[in-house]
Amino acid sequence: DFLPLKCDACGEVFCKDHIRYDDHKCSSAYKKNVQVPVCPLCNVPIPVRKGEIPDAVVGAHMDKNCKYNPAQKQKIFTNRCLKPGCKRKELMKVVCEQCSGNFCIKHRHPLDHDCKGSSHPLSKA
């Protein structure tokens, strides 16, 4: 098949082997790109208007209104165990149903953290 094919981005004519954007290094491929770029620093999607170059828009976002602060490190394990002497932190809260305290996995059972709640547990888990 040697029919000429017209690129829908740049409008030039190519054979079937070079019609893909990457095959002819199309300079207008960004016009057909429907992906939303994400800022590599703050992980926020950056809106790009039709005809704009995504790299330039993300660069402008990073220079002007990016909320990334390298000094502010996000902590993942923030739920500290309330058992005296325990320094473990968990990713999710493990709340005791009786005393409403936050504990680690090891001390989650009322008998393991000397619960002072309203009722006493019947047996060890």
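When you check Lys50 against the structure, is it basic (Lys, Arg), in contact with a Phe, Trp or Tyr (Cβ under 9 Å, 6 or more places away or on another chain), assigned to a loop (DSSP other than H, G, I, E, B) and at pLDDT below 90, yes or no? When the stated conditions are applied, Lys50 does not pass them. Restricting attention to the range 76-92, the residues that are modelled with pLDDT under 90 and assigned to a loop (DSSP other than H, G, I, E, B) add up to 5.
What tally of residues in the range 1-40 results from selecting those that are outside any loop (DSSP other than H, G, I, E, B), at pLDDT below 85 and not small (Gly, Ala, Ser)? Step through it out loud before you land on a result.
Taking the range 1-40 and keeping what is outside any loop (DSSP other than H, G, I, E, B), we get 5-6, 13-14, 29-31, 38.
Checking which are at pLDDT below 85 leaves us with 29-31.
Retained after the next criterion (residues that are not small (Gly, Ala, Ser)): 30-31.
Summing the residues that are outside any loop (DSSP other than H, G, I, E, B), at pLDDT below 85 and not small (Gly, Ala, Ser) in the range 1-40 gives 2.
Restricting attention to the range 75-96, which residues are open to solvent by 50 Å² or more (accessible area, probe 1.4 Å) and in contact (Cβ under 8 Å) with a residue 12 or more places away in the chain?
We begin by selecting, within the range 75-96, every residue open to solvent by 50 Å² or more (accessible area, probe 1.4 Å); these are 75-78, 80, 82, 84-85, 87-89, 91-93, 95.
Residues satisfying the conditions are Ile76, Phe77, Arg80, Leu82, Arg88, Lys89, Leu91, Met92, Lys93.
The values are calculated or read from the model by the stated rules, or taken from the named source; none is laboratory data. Values in this document were obtained by computation on a predicted structure and should not be read as measured data. Every residue, glycine as well, gets a Cβ built from its backbone with ideal geometry; the counts of neighbours run over all protein chains shown. Heavy atoms of the whole protein, side chains included, go into the accessibility calculation; ligands, DNA and RNA do not. Shrake-Rupley method; radii C 1.70, N 1.55, O 1.52, S 1.80 Å.
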